[in-house]
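See structure below.
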Ligand code: SF4
């Protein structure tokens, strides 16, 4: 049988992979654990490198988490810098390597109707092409003045069956009263627009659109302390099969647009054209010898 030939002892635990495609962000949050802001150069990881690193990620000795994260800075930044093909091309690559994409964003682009429609149309087109959902991982907390933009994104998705079947979103903040207040405020805005929101036992949301037969499941991740970089980690994974959020602890490998590989937001090495396998093993050793 397939499982018999795998040397389980030699395998690592599950690993979540993310690419930080840029350090540029349209916001300038003081607490930013990515050290991103609007003063950083709007450089993006070249798509050729994106492709190569994805290819190499498939050779690493771990159990791959199928969710792959495109982050920043602001992951939608290419749209704001006259590079509207970047995210669609990146999604083509992510899907072609059999990952399911999550895009981390502050959602402020939701305020710009033209941009919002373009982005939602682009990403849903890729979800249909590859028959797998795209997830938007949106910050909703006390630091991002983005509730109006996020509400518009959610209203557009819920208002279109085409978008509704292609895009999921996960709301992410801290385990602080400020973050919970922002989440409640968003809930109130959506309810005032006619959406029915029910909380699940895991404190996630089921949102029903007015006059729609089906709802959408929204994963809420508000478990991270503000000081431990927890928010940057992928801790809660949407489970398509059971429709519930699961708390999972996985190792996380981030590759940034300056060719650094970073393990669990703590151990960092320049890749320097070395095979990703070699860099990953070296990072794991650093972690084990800590
Ligand atoms: S929106 Fe996110 S990436 Fe941008 S500065 Fe704020 S915390 Fe950093």
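The values are calculated or read from the model by the stated rules, or taken from the named source; none is laboratory data. Treat the numbers as computed from the prediction; the structure is a model and nothing was measured. Positions of Cβ are backbone-derived with ideal geometry, glycine not excepted, and every protein chain shown enters the neighbour counts.
Looking at region 111-118, is at least one residue within 14 Å of the ligand (Cβ to nearest atom) and out of contact with any helix residue (DSSP H, G or I) (no Cβ under 7 Å at 6 or more places or on another chain)?
no
Which pairs do you get when a residue that is under 13 Å from residue 77 (Cβ atoms), found in region 28-54, comes within reach of a residue that is within 15 Å of the ligand (Cβ to nearest atom) and at pLDDT below 90, reach meaning Cβ atoms under 6 angstrom, with the pair 6+ apart or on two chains?
Close Cβ pairs satisfying both conditions: 37/28; 38/28.
Does residue 100 satisfy the criteria of being crowded, with 22+ Cβ neighbours inside 10 Å and away from the ligand (no atom under 16 Å from the Cβ)?
The answer is no for residue 100.
For residues that are more than 30 Å from residue 98 (Cβ to Cβ) and near the ligand (Cβ under 7 Å from one of its atoms), tally how many sit in region 27-56.
Of the residues in region 27-56, 6 are more than 30 Å from residue 98 (Cβ to Cβ) and near the ligand (Cβ under 7 Å from one of its atoms).
Looking only at residues that are away from the ligand (no atom under 15 Å from the Cβ) and touching a helix residue (DSSP H, G or I) at 6+ places or on another chain (Cβ under 8 Å) in region 7-26, which one is modelled with the lowest pLDDT?
Of everything passing the filter in region 7-26, 12 is modelled with the lowest pLDDT.
Residue check, residue 153 against (1) within 15 Å of residue 205 (Cα to Cα); (2) touching a residue at least 40 places away in the same chain (Cβ under 8 Å); (3) buried (at least 23 other Cβ atoms within 10 Å of the Cβ), all met but one. Which one?
Condition (1) is where residue 153 drops out.
So which residues in region 63-84 are in contact with a helix residue (DSSP H, G or I) (Cβ under 8 Å, 6 or more places away or on another chain) and away from the ligand (no atom under 16 Å from the Cβ)?
Result: 64, 68, 84.
With the requirement that a residue be touching a helix residue (DSSP H, G or I) at 6+ places or on another chain (Cβ under 9 Å) and more than 16 Å from the ligand (Cβ to nearest atom), what does region 135-160 give you?
Correct list: 151, 152, 154, 155, 156, 157, 158, 160.
For residue 190, are the conditions met, namely being more than 26 Å from residue 263 (Cα to Cα) and either surrounded by 16 or more Cβ atoms within 10 Å (Cβ to Cβ) or within 18 Å of the chain's Cα centre (by Cα) (or both)?
It is true that residue 190 is more than 26 Å from residue 263 (Cα to Cα) and either surrounded by 16 or more Cβ atoms within 10 Å (Cβ to Cβ) or within 18 Å of the chain's Cα centre (by Cα) (or both).
I'm trying to understand the selection: among the residues of region 19-44, which are buried (at least 21 other Cβ atoms within 10 Å of the Cβ), touching a strand residue (DSSP E or B) at 6+ places or on another chain (Cβ under 8 Å) and not in a strand (DSSP E or B)?
Once the filter is applied, which keeps residues that are buried (at least 21 other Cβ atoms within 10 Å of the Cβ), touching a strand residue (DSSP E or B) at 6+ places or on another chain (Cβ under 8 Å) and not in a strand (DSSP E or B), region 19-44 yields 21, 23, 25, 34, 36.
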